[in-house]
Every structure is written in structure tokens, then in C-alpha cells.
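A short write-up of the structure that comes next.
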Amino acid sequence: MDKYVIEGLKDKLPVVPGLNGKEEYFNFAVLVLLMYVNEEYHFIFEKRAANIRQPGEICFPGGKFEPATDTSLRDTAIRETVEELGVSSEKIQIIGNLDTVVSTMGATADAFLGILELRSLDDLQINLQEVEKVFMVPVSYFEANEPEVYQVNMIAHPSYFNQAGEEVTIFPARELGLPDRYTKPWGNVLSNVFVYRVEEVIIWGMTARLIKDVVAKLKSL
């Protein structure tokens, strides 16, 4: 490899570093949505319908990138919000990007911050196939209440047992000549899980992490 190859490689390097291996994750876009009501901003939340993935959980509008219709993840966030809430895209004002959230369970959320320019949630035409209900909580509530912090223990397993009780090796550490420790489950990584209690509702996971991020940015102003 000569010096000219290095010059060409330089042109291939990203201007803004991305996430190596992102294509191996379940990638989706989320719109952290705010609405101005009673002289203050509120977060807009959805409770997911019973017949979809992660039923009954609290989230922001969002979904998976669709190459046939979306030109960017920003488009995905807007399209999903329009479909789920039954609101015109003209009523959505995107403020900007938030940091991408990477889940320890193999998902990434490219997040955007936006404002819903409506006076009331009664103006929405909710898609009940995906959303059980929509509700709002003042941003000030989260500014005044820090999330509870719990942890989960993440362990790498080089094999698993199938339904017949047979062990299936998915990472052949011994065959690869790696140390014996990799032939057994390894790692003891503790991952933080943030939880907000809002009356009888639990808001946790990626949604809680996004709230925490927005609130931290507000407090730094």
C-alpha cells in the first residue's frame, strides 16, 4: 500500500464519525415531541397498542426507516408521527437532532426534537391500530424529578440451547484458538436503566433516556 492509497483513504473517512456496525442493529427514528399548553411545554407520549411489538409501553412517536418512502431518518420520524397521531406534517416543526441512543438489546434510535403546533390533543386522529392513547406531561415535571436508576447485567453467551435441549455453538472460540474463557459465558457489564414514575405510568428505557437528555440540555442553558 503506497502513499497515494492513503490519500484516497483519507477522502473516505467520515466528516462526522458515525456508529460502526450500525447496520447490524434494529435502526429506527424517534420524534421527541413537545406541545405548548397552559403557558408551558409538555412532552407528548404514546401508549402502544396491545397488538404491536412492546405492547402497552410508553414511547415517543417513531418507527423503522422505509427506503421506499423515506429519504432520511428525519423523514421517518415525521412520517411515523403523522401516521400514528393522525396529524398533518405541516403541524410538526423540527427543532433539530438529538444524540443517537444505542440500546444494549441491539437497537439504535436516531432522535429528533420537534414541536407539535396544536392547541389540544383532541385535534389528533390517533391510529388505534398502533396507539392505545396519547397523553402529555409538563417538561417541568421532569426538570423537578430525577429518574430512578437501575441496572441490568449483560453477559455474552457463545452458545444457546435449542428447543430439543441441544447446545448450539454460535461463537466457536475453541476452534478459533481463543482463550478458554470465551468458550463459556463471559462479561459482567452493568447497563443503566432510567425510570420515571408519572402518576400510575412508568416511563423507562430509551424513552426515559431521551427525556433525561433533553432535560439536561435545558438545565445547561
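The table below lists the values:
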item	result
Compactness of the chain as Cα Rg over 2.2 N^0.38 Å, two decimals	1.24
Reachable aspartates and glutamates, given that their alpha-carbon falls under 12 Å from the alpha-carbon of residue 64 and they are not under 8 places away in the same chain	75, 80, 110
Potential lengthening between residue 145 and residue 103 on full extension [0.36 nm per residue; Cα-Cα distance subtracted]	12.8 nm
For the chain: relative contact order, % (alpha-carbon pairs under 8 angstrom, 6 or more apart)	20 percent
Value of relative contact order over the range 116-202, rounded to a whole percent, pairs C-alpha under 8 Å and six or more apart	31 percent
Among 64, 91, 184, residue whose mean-square fluctuation peaks in a GNM of the chain (springs only between Cα atoms under 10 Å)	184
Accessible surface, 1.4 Å probe, highest first, among residues 174, 119	119, 174
Cα coordinate range in the range 1-127, projected on the principal axes (Å, largest first)	65, 32, 27
Residue 10 versus residue 119: modelled label distance in nm, points set 7 Å from Cα along the beta carbon direction	6.0 nm
By accessible area with a 1.4 Å probe, ligands and nucleic acids excluded, highest first: order of 94, 211	94, 211
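The values are calculated or read from the model by the stated rules, or taken from the named source; none is laboratory data. Predicted model, so just to flag it, every value in this text is computed and none were measured. Quick reminder, even Gly has a Cβ in these numbers, built from the backbone with ideal geometry, and neighbours come from all protein chains shown. The protein model used for the area step is the full one, side chains on, heavy atoms only, and it has no ligands, DNA or RNA in it. Shrake-Rupley method; radii C 1.70, N 1.55, O 1.52, S 1.80 Å.
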